[in-house]
Amino acid sequence: MRGESLHLSLAGFEGPLDLLLELARAQKVDIRRISILALVDQYVAALEGARRLRLEVAAEWLVMAAWLTWLKSRLLLPEQAEPEEEALQAAERLTEKLAELDAMRRAAAWLAARAQLGREIFARGQPEALQLIDRSGIVADLPALLRAYAAARRRALAARPYRPKPRRLWSVAEALQQLRRLIGTTPGWVVLQSFLPEGLADGLERRAALASGLVAALEEARSGALELRQDAPFGPLWLRRAASEPRAAESKESLPDAA
Amino acid sequence: MPRDADGAPPPAAGPAASPASPDMPIHPGAEDGEAAFALGLRIAEALIFASDRPVTPQRLAAALPPGVDARAVLTALQARMVGRPVELVEVAGGFAFRTAPDLAPAITRVVEVPRRLPRAALETLAIIAYHQPITRAGIEEIRGASLAQATLDSLLELGLIAPRGRMEVPGRPTLWGTTPRFLEHFGLRSLADLPRREELVAEEEAALPLP
Amino acid sequence: MPRDADGAPPPAAGPAASPASPDMPIHPGAEDGEAAFALGLRIAEALIFASDRPVTPQRLAAALPPGVDARAVLTALQARMVGRPVELVEVAGGFAFRTAPDLAPAITRVVEVPRRLPRAALETLAIIAYHQPITRAGIEEIRGASLAQATLDSLLELGLIAPRGRMEVPGRPTLWGTTPRFLEHFGLRSLADLPRREELVAEEEAALPLP
């Protein structure tokens, strides 16, 4: 693994740090005491080897190489007695990282060396259920009971065949008959509503009847059988028999049918 | 797992030492044969323990040292486990370990998993509560759906409803009512504690075609 | 300590005979106490045998006869099982039976064995174990390489790691930690059983599998 093959391929390594750790381990000293300078040279050499073989070299490897080269130059500055503080710190961080990766790699090896469940040692293949399920109780509270009642009723009602609510719609013809029948017996002004049929609970039915009544009243007024009056917009409509009723006889004739 | 009560005192019983149990049954054959049989017993015990299904003699044979008979090993192991907390039983498809039945009460935890009453049962119960005494036909009419006998039976079994005489019509159908247990279960002091029906289905009734 | 070596010869040792093992360690107390302890041993063996997870002393205590100490029973049982094909081990906060490692070759002839964890997965697992809770980015930082989703997925699938909340930084990345199953898988009583970091570093190049 080491030596030649290491220079030939980077493929076996998972990233630059992996390779650096391998190089550091090759120095056979405590990782924290490795020579960064030797490491840099070996790394760059490994990279060069790969490039000579025209292997693909990913950017991260080159970035690491550039950074290492910078680090080396800072550590070896000739004109200064002491290497730069910054470079020393960077070198220290690098050894820390390598030491940590080394520790984790050893931890992984420690784990791998242990007898593993399902490989070297085995647990019971068919564990038994240690629970006895008692299903004698029920879950149902009062709200659930009440909801069930309401739901049952609602469903039962909804399930009945649909019958549209019979509408009592008063037709204009009916209104005309009613008007003609009643107007003859009523003296003076009468409000239109009093001609409407009884027992119209529904608002819609009442409004429809009022409309039919009005149409009938207008019809009768047009023929001169009655007079219409409204004192104010949206006010009540008043009607009374006209003084002369040219068509009163005709309307009277139709009365027997209406009854 | 078997302890070794039936054997002679172990001659050289280093604990972790010998894979071969010293107290194995006498088996025809040389010393080698005996050692192989003892190892076979160990293997059988471990394999049956670890297997996720009962172990057939054929399957065991594949794991045994050559020359050791799987049937003989199983018979010996079974004899050894009799009376132990864990016994070797022959079940469909092979051999498996099972905890001794007499220990079941000690090791079993009873977990109460109350059942959810099916919708039909809960509705039926509610209708009986509100309309009692009521016949099955009456319940069906109110629910607008037929009622399975099993549903009534389950409520009866749970002690939530009880017969309340019969209706004096042809066929004399049973009348049903709720029980004190029903009140207890739903935390009611009396049936009068139930909300009025109109409060529950008021809206629906308003939308009804007037009779 | 050897299993049956320390007892007097069993007085009435039909193998199928007494539910109370005759070879139980001498235990302080009256005859009653001894019988209770013997029953406790039986219960412990059955309970741990049947359970699919390690049994905690607390769980065992709930199943034992009154006055019998769970720890004492476990210690006695563990001693008794030493050298047996199936041993009692302390793992993941409880006790479980495991086949003896020397029987693995025979068992694996019959029982299917999962593949070994690849290096990347093992390293990732080690990093999570030592640095938990840790984000994926944190793992990548330590490894100096990107972490394949498949690696994380495989650990998750094996139940060895689990999410442990999120880190309160932009993006709220998931934090990962190891599971009780991780402890079981590697036969650890707790995370404290992992070697200390200094020990890992100090250890000389023992037998490190290199790529």
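The values are calculated or read from the model by the stated rules, or taken from the named source; none is laboratory data. It should be emphasised that the depicted structure is a prediction, and the values quoted were computed from it without experimental measurement. Cβ coordinates were reconstructed from backbone atoms using ideal geometry, including for glycine residues, and neighbour counts include every protein chain displayed.
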Check: Do any residues in the range A:207-228 that are over 17 Å from residue A:186 (Cα atoms) have Cβ atoms under 8 Å from those of residues that are of a type in the set (Val, Ile, Thr), where the two are at least six apart or on different chains, and which pairs are they?
Finding: A:212/A:172; A:215/A:172; A:219/A:172
Next item on the list: Return yes when residue B:79 is over 15 Å from residue C:46 (Cα atoms), surrounded by fewer than 24 Cβ atoms within 10 Å (Cβ to Cβ) and over 33 Å from the mean Cα position of the chain (by Cα) and no when it is not.
Entry: no
Next item on the list: Take the residues in the range A:174-206 that are among the polar types (S, T, N, Q) and free of Cβ contacts under 8 Å to residues at least 24 places away in the same chain, then tell me which one is surrounded by the fewest Cβ atoms within 10 Å (Cβ to Cβ).
Entry: A:185
Next item on the list: Could you tell me whether any residue of the range C:127-150 is under 21 Å from residue C:54 (Cβ atoms) and touching a Gly at 6+ places or on another chain (Cβ under 6 Å)?
Entry: yes
Next item on the list: Kindly indicate whether any position in the range C:175-185 is over 25 Å from residue C:95 (Cβ atoms) and either part of a helix (DSSP H, G or I) or at pLDDT 90 or above (or both).
Entry: yes
Checklist line | Options A:152, A:201, A:159, A:216; residue that is under 30 Å from residue B:201 (Cα atoms) and modelled with pLDDT of 85 or more | finding: A:152
Item checked: Those residues of the range B:141-157 which are acidic (Asp, Glu) and modelled with pLDDT under 90, in sequence order -> B:141, B:157
Notebook entry, point to check: Within the range B:126-179, how many residues turn out to be hydrophobic (A, V, I, L, M, F, W, C) and closer than 23 Å to residue B:195 by Cα?
Noted result: 13
Note to self: Being of a type in the set (Lys, Arg), more than 12 Å from chain C (Cβ to nearest Cβ), without any contact (Cβ under 8 Å) to a residue 40 or more places away in the chain and at negative phi narrows it down to one residue among A:135, A:114; which is it?
What the structure shows: A:135
Item checked: Residues satisfying the stated conditions in the range C:130-151, i.e. surrounded by 19 or more Cβ atoms within 10 Å (Cβ to Cβ), within 28 Å of the chain's Cα centre (by Cα) and of a type in the set (A, V, I, L, M, F, W, C) -> C:134, C:139
Item checked: Flag for residue B:127 being under 29 Å from residue A:135 (Cα atoms), crowded, with 19+ Cβ neighbours inside 10 Å and in contact with a Phe, Trp or Tyr (Cβ under 7 Å, 6 or more places away or on another chain) -> yes
Margin query: Anything in the range B:133-170 that is among the β-branched types (Val, Ile, Thr) and either in a loop (DSSP other than H, G, I, E, B) or touching a residue at least 24 places away in the same chain (Cβ under 8 Å) (or both)? List them, or say none.
Written below: B:134, B:135, B:139, B:151, B:161, B:169
Checklist line | Qualifying position, being on the phi < 0 side of the Ramachandran plot and in contact (Cβ under 8 Å) with a residue 12 or more places away in the chain, among B:194, B:188 | finding: B:194
Notebook entry, point to check: So is residue A:132 under 44 Å from the mean Cα position of the chain (by Cα) and aliphatic (A, V, I, L, M) or not?
Noted result: yes
Item checked: Condition met for residue B:168 (of a type in the set (Asp, Glu), loosely packed, with under 13 Cβ neighbours inside 10 Å, more than 9 Å from chain A (Cβ to nearest Cβ) and under 37 Å from the mean Cα position of the chain (by Cα)) -> no
Next item on the list: Check off (1) more than 30 Å from residue B:53 (Cβ to Cβ); (2) surrounded by fewer than 13 Cβ atoms within 10 Å (Cβ to Cβ) for residue B:101 and give me the number that stays unchecked.
Entry: (1)
Notebook entry, point to check: Looking at residue A:21, is it more than 8 Å from chain C (Cβ to nearest Cβ), assigned to a helix (DSSP H, G or I) and at pLDDT below 85?
Noted result: no
Next item on the list: Name the residue, out of A:156, A:152, A:59, A:148, that is more than 14 Å from chain B (Cβ to nearest Cβ) and farther than 30 Å from residue C:50 by Cα.
Entry: A:59
